[in-house]
Structures are given as structure tokens and as C-alpha cells.
């Protein structure tokens, strides 16, 4: 395992260890949700530099994206969050899916595709008011998305519950930002029930999706 930044072992250190063990060919599995700057630029550059230094053939697999296992896990996290909640009259609930955000428009489009794949077939959210938002580098922001579902149209039933679904892999700075925004929204709309869906986390489904991406990259088949 190698890390792109902040902590060690770095990607170069990880490939160096593999080279020392006699490896000649490496498939790199980026633990990333979508194709943005890290997947398109930072990781490939680090891999190229390390591969050249150690004489390795390195192939980078695709991000997790719309892998079926990730979509199913996201649905599972949603069901876990809303299980046992009291029923609310149709049209009085809202769902906001939150992405990390990127200046790369491709990543934003991929989040939209992910949301459609995850939620379009779920009857339980058919009457929910819906929005997506981003923590940084893209719009709408979380505040803008909340305003959209809370204040969007006259004549609609008042929102009584908002489900926030951050589409994140692990805990860290981005999730802390989501928590901070959530506390502000609770203060701003104290009569609304706010429900936060858990991150994907280190689940077996994530590991299986990574292996699938690696096999596709290695074998050239889906």
C-alpha cells in the first residue's frame, strides 16, 4: 500500500518494496470514487516516476465509480440510516447527496450518474425532494442545496426530515466539514429532523470492487 500525500509509505516507497521482492509488473488500485485530479494526474505521475526508477511495468486501474458493489453498499448505508424512523407524509422529506467536489467537471457528472444509479429505482424516495451538493470546488454548496429543498417552491408541504448522504469512502477532513455544515443547518432549521447516512467505510464490498477493477485492468475485460 502506498499513499499519495501526507503519510508514508509513499507510492514510490511501495513500488520500491515490490521491486525489491522481484516484482516486474504491478497493477495499482486507486482507492478513489471518481476520476478527478488525483486519478487523472497526481497518481499517474507518481506511478510513472516510480516505475521509471525501479524498472517496473505499472498499470493503473479505474476508480470505483459506478461499480455495482459500491452502488449496493451506498443503498445499504441509506437503509441503515432511515431504518426505524417514523413515517412522514409524502412530499415532506428531502434527500441531499453530498460529494467531495472537484474543479474537474467529469467528477461532478459522475456523481450525478452515481445518484441516478443508486436512487432512481428506490420507491421509498420517489416523493422526496432531491438535490446534490459538494463540499468544495463545485456547486451547489451544501447550503445552496438545503435552500433548494427547503425554500424551493411555494405551496409545497413544509420539509420535516432531511436525509444527508455524503458519498465518501473514509472519515477525514471532508466528513468533518459535512458535520460542521450539518450543525449549522440544525441551528438554522431546528424544527427539521436531520439524518446523516454513514460513509461507505472499509467494507468487504469496497475490497471486492477494488479487486474487480484490478482484474479488468489486468485482463482487459468487464
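Of note, residue 114 does not satisfy the criterion of being loosely packed, with under 13 Cβ neighbours inside 10 Å, touching a residue at least 24 places away in the same chain (Cβ under 8 Å) and closer than 15 Å to residue 74 by Cα.
Scanning the range 59-76 for residues being under 16 Å from the mean Cα position of the chain (by Cα) and within 18 Å of residue 32 (Cβ to Cβ) gives a total of 12.
All of (1) in the same structural domain as residue 85 (by TED's automatic domain parsing); (2) surrounded by fewer than 19 Cβ atoms within 10 Å (Cβ to Cβ) hold for residue 214 with one exception: (1). Of all the listed residues (74, 107, 131), the sole one being crowded, with 20+ Cβ neighbours inside 10 Å, modelled with pLDDT of 95 or more and touching a strand residue (DSSP E or B) at 6+ places or on another chain (Cβ under 8 Å) is 74. Go through the range 197-208 residue by residue and tally those that are touching a strand residue (DSSP E or B) at 6+ places or on another chain (Cβ under 9 Å) and either within 22 Å of residue 29 (Cβ to Cβ) or surrounded by fewer than 19 Cβ atoms within 10 Å (Cβ to Cβ) (or both). Residues meeting the conditions: 2. Assessment of the range 66-73 against the conditions (in a loop (DSSP other than H, G, I, E, B) and within 27 Å of residue 151 (Cα to Cα)) yields no matching residue.
Return the residue satisfying two criteria in turn: it lies in the range 77-87 and is surrounded by 15 or more Cβ atoms within 10 Å (Cβ to Cβ) and more than 13 Å from the chain's Cα centre (by Cα), and of such residues it is farthest from residue 134 (Cα to Cα). Steps first, answer last, please.
Start the filter on the range 77-87 by keeping residues that are surrounded by 15 or more Cβ atoms within 10 Å (Cβ to Cβ), which leaves 77-78, 81-82.
Then drop every residue that is not more than 13 Å from the chain's Cα centre (by Cα), which leaves 78, 81-82.
On the way: 78: 18, 81: 20, 82: 22 Å.
If we take residues in the range 77-87 being surrounded by 15 or more Cβ atoms within 10 Å (Cβ to Cβ) and more than 13 Å from the chain's Cα centre (by Cα), then 82 is farthest from residue 134 (Cα to Cα).
Filtering the range 82-89 for residues that are closer than 17 Å to residue 119 by Cβ, in a helix (DSSP H, G or I) and in contact (Cβ under 8 Å) with a residue 24 or more places away in the chain leaves a non-empty set. Search the range 50-67 for residues being without any contact (Cβ under 8 Å) to a residue 40 or more places away in the chain and loosely packed, with under 13 Cβ neighbours inside 10 Å, and hand back the single one that is farthest from residue 113 (Cα to Cα). Looking at residues that are without any contact (Cβ under 8 Å) to a residue 40 or more places away in the chain and loosely packed, with under 13 Cβ neighbours inside 10 Å, I get 55. When residue 94 is tested against the conditions (1) at pLDDT 95 or above; (2) in a strand (DSSP E or B); (3) assigned by TED's automatic domain parsing to the domain that holds residue 192, the lone failure is (1). Of all residues in the range 1-18, none satisfies being closer than 17 Å to residue 114 by Cα and either assigned to a helix (DSSP H, G or I) or within 20 Å of the chain's Cα centre (by Cα) (or both).
Return the total of residues in the range 187-196 being assigned to a helix (DSSP H, G or I) and modelled with pLDDT under 95.
First, pick out the residues of the range 187-196 that are assigned to a helix (DSSP H, G or I): 187-188.
Those still in the list that are modelled with pLDDT under 95 too: 188.
Number satisfying all stated conditions: 1.
In the set (1) surrounded by fewer than 17 Cβ atoms within 10 Å (Cβ to Cβ); (2) in contact with a helix residue (DSSP H, G or I) (Cβ under 6 Å, 6 or more places away or on another chain); (3) closer than 22 Å to residue 73 by Cβ, the condition left unmet by residue 194 is number (3).
The values are calculated or read from the model by the stated rules, or taken from the named source; none is laboratory data. Bear in mind that the values here come from a model prediction, so they are computed numbers and not experimental data. Using ideal geometry, Cβ is built from the backbone for each residue, glycine included, and neighbour counts are taken over all protein chains shown.
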